[in-house]
Amino acid sequence: MKPTGQQLVITRRGGAASFDGNALPTITIREQDCSSWNVSPNGRPEYGTVKVPYIDQKTGRQRTKSFETGLEGPSRNVRNTSDTDI
């Protein structure tokens, strides 16, 4: 977990880093440290279709390829190939 604003974000062990890339220290939260708490997992959104643009090498024009994910949800339009938040 790492505190972010008014929330605690849960990441994989060792996955939390500060803005400059340094590892954040481990925070231990004990039951006696809390007067109350709740957990609201937001998870990643699910998309039914992912649309990815590419350049057709023969025509030089941009095309879009669609992939069905098998999940329920809206379409996700990837803006470029480095857009990994899918």
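The values are calculated or read from the model by the stated rules, or taken from the named source; none is laboratory data. Because the structure is a prediction, the values reported are computed rather than measured. Ligands, DNA and RNA are stripped out before the accessible areas are found, and what is left, the full protein with its side chains, is counted by its heavy atoms. Shrake-Rupley method; radii C 1.70, N 1.55, O 1.52, S 1.80 Å.
Comparison of 28, 11, 4 shows that the only residue that is modelled with pLDDT of 75 or more and either β-branched (Val, Ile, Thr) or under 30 Å from residue 73 (Cα atoms) (or both) is 28. Looking only at residues in the range 43-76 that are over 30 Å from residue 8 (Cα atoms) and among the basic types (Lys, Arg), the one that is most open to solvent (accessible area, probe 1.4 Å) is 58. Of all residues in the range 44-64, those satisfying the criterion of being among the polar types (S, T, N, Q) and closer than 13 Å to residue 79 by Cα are 62, 64. The residues of the range 31-86 that are assigned to a loop (DSSP other than H, G, I, E, B), acidic (Asp, Glu) and at pLDDT 80 or above, listed by number, are 46, 56, 72.
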